[in-house]
1. Test residue 42 against the stated conditions and say whether it is in a strand (DSSP E or B) and within 30 Å of residue 239 (Cβ to Cβ).
2. Of all residues in segment 140-153 being closer than 21 Å to residue 101 by Cα and buried (at least 19 other Cβ atoms within 10 Å of the Cβ), which is farthest from the chain's Cα centre (by Cα)?
3. When you look at residue 249, is it exposed (fewer than 13 other Cβ atoms within 10 Å of the Cβ), within 21 Å of residue 164 (Cβ to Cβ) and in contact (Cβ under 8 Å) with a residue 24 or more places away in the chain, yes or no?
4. Would you be able to say whether some residue in segment 144-151 is under 28 Å from residue 229 (Cα atoms) and in contact with a strand residue (DSSP E or B) (Cβ under 9 Å, 6 or more places away or on another chain)?
5. Given the residues 110, 48, which is the only one that is over 30 Å from residue 226 (Cβ atoms) and out of contact with any helix residue (DSSP H, G or I) (no Cβ under 6 Å at 6 or more places or on another chain)?
6. Among the residues of segment 268-304, write down those that are within 22 Å of the chain's Cα centre (by Cα) and without any contact (Cβ under 8 Å) to a residue 24 or more places away in the chain.
7. How many residues does segment 182-212 contain that are part of a loop (DSSP other than H, G, I, E, B) and either more than 12 Å from residue 252 (Cα to Cα) or without any contact (Cβ under 8 Å) to a residue 12 or more places away in the chain (or both)?
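The values are calculated or read from the model by the stated rules, or taken from the named source; none is laboratory data. From a predicted model like this one, the values you see are computed outputs, not experimental measurements. All Cβ positions, even for glycine, are placed from backbone atoms using ideal geometry, and neighbour counts span all protein chains on display.
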C-alpha cells in the first residue's frame with residue numbers, strides 16, 4: 001500500500017482517515033479466479049472489504065478474446081438465493097437463461113438483473129460466434145425483509161447517458177446529477193460507468209451517507225492524487241462529499257456505492273444469506289433437486305455442485 005492508502009488496521013472501518021489534509025482510501029488488489037473457463041479479476045468479497053453498500057461481489061471479466069476452437073464463456077446451471085446478479089456488458093454478447101423461462105442476450109451498453117430472492121437457477125454462455133468478452137459481474141445482497149422475495153429477471157437495454165465535464169457517464173442503477181436509472185433496487189445504491197478519451201480531470205460529487213468504491217476497467221486513473229491501476233479497487237469509505245479524478249489517454253472506470261447494509265450476511269459459493277441455516281438449507285435443496293431452484297433448459301455446461309460447507313465439516317453452526 002502507498003502512503004495515501006488506508007492501512008490494514010483501518011481496512012475494516014467505513015471511514016478512511018484524513019492525514020495532512022488528504023483523505024486516504026483503501027486499496028484492494030484483485031485476485032485471479034476462473035469463471036466458466038474465463039480468467040476474471042475478483043475484487044469483492046475480499047478479506048479487507050466484504051461489502052460496499054449492498055454490493056457484495058465484483059468480478060471484472062476480460063477483456064478477453066477467443067480463438068475459433070475455444071468455447072468462450074460457459075457457466076452451467078447453478079443456484080442463487082437472497083441476492084441480485086448484476087451484469088454490465090462492455091464488449092461481446094452473453095446469453096442468460098434461467099429456471100423461470102427467461103432467455104435474454106445481453107449486448108454492450110446493457111444491464112441484466114436477476115433477482116434470486118427465495119431461489120432461482122440460471123446459466124450464462126457467450127453467444128456462438130462471439131470472439132470477445134468484457135464485462136463487470138456484480139452481486140447485490142438483498143435486505144433482510146426482502147431476502148425471500150419472489151424471483152424475477154429484468155433486462156435494461158436503455159440507460160441514462162450524460163456528460164460529467166470531462167467524463168461520459170452511464171448510470172447503471174440509482175440516481176446522480178438529476179438522472180435516474182430504471183433499474184430495480186431494494187436498497188439505496190449507485191452504479192455508474194465512467195469513460196474518458198483524453199487527458200483531463202474531474203471532481204465527482206458524492207453522497208456522504210453512501211460508501212463508495214471506484215475500479216479502473218481500462219486505462220490508468222489518479223484518485224485524490226494517488227495512482228490506481230486497472231483491477232485495483234479504491235474503497236473511498238463514508239462521509240465523502242467529493243472525489244477528484246485525473247486521467248490521461250482513453251479509459252473507463254466503474255463507480256459503485258450505497259448506504260451501508262446494516263446486517264451481517266454470509267456468502268458461500270453462489271449463495272448469499274442472512275444466516276448459516278439458510279445457506280445449509282439452500283445447499284441441501286440444490287443437492288436434492290428441490291423445485292425452489294427449478295430447471296434450466298438446453299444448458300451447454302454441466303450442473304454445478306458446491307463443495308462441502310466448511311462450518312458443517314468443522315462441526316460448527
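1. Numbers: in a strand (DSSP E or B): yes; within 30 Å of residue 239 (Cβ to Cβ): yes.
So residue 42 passes the test.
2. Among residues in segment 140-153 that are closer than 21 Å to residue 101 by Cα and buried (at least 19 other Cβ atoms within 10 Å of the Cβ), the one farthest from the chain's Cα centre (by Cα) is 151.
3. Details: exposed (fewer than 13 other Cβ atoms within 10 Å of the Cβ): yes; within 21 Å of residue 164 (Cβ to Cβ): yes; in contact (Cβ under 8 Å) with a residue 24 or more places away in the chain: yes.
The answer is yes for residue 249.
4. No, segment 144-151 contains no residue that is under 28 Å from residue 229 (Cα atoms) and in contact with a strand residue (DSSP E or B) (Cβ under 9 Å, 6 or more places away or on another chain).
5. 110
6. Passing the criteria: only 275.
7. Residues in segment 182-212 being part of a loop (DSSP other than H, G, I, E, B) and either more than 12 Å from residue 252 (Cα to Cα) or without any contact (Cβ under 8 Å) to a residue 12 or more places away in the chain (or both): 13 in total.
Per-residue answers, yes or no, for (1) modelled with pLDDT of 95 or more; (2) surrounded by fewer than 21 Cβ atoms within 10 Å (Cβ to Cβ):
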position: 214; (1), (2): yes, no
position: 218; (1), (2): yes, yes
position: 245; (1), (2): yes, no
position: 259; (1), (2): yes, yes
position: 264; (1), (2): no, yes
position: 279; (1), (2): yes, no
position: 287; (1), (2): yes, yes
position: 296; (1), (2): yes, no
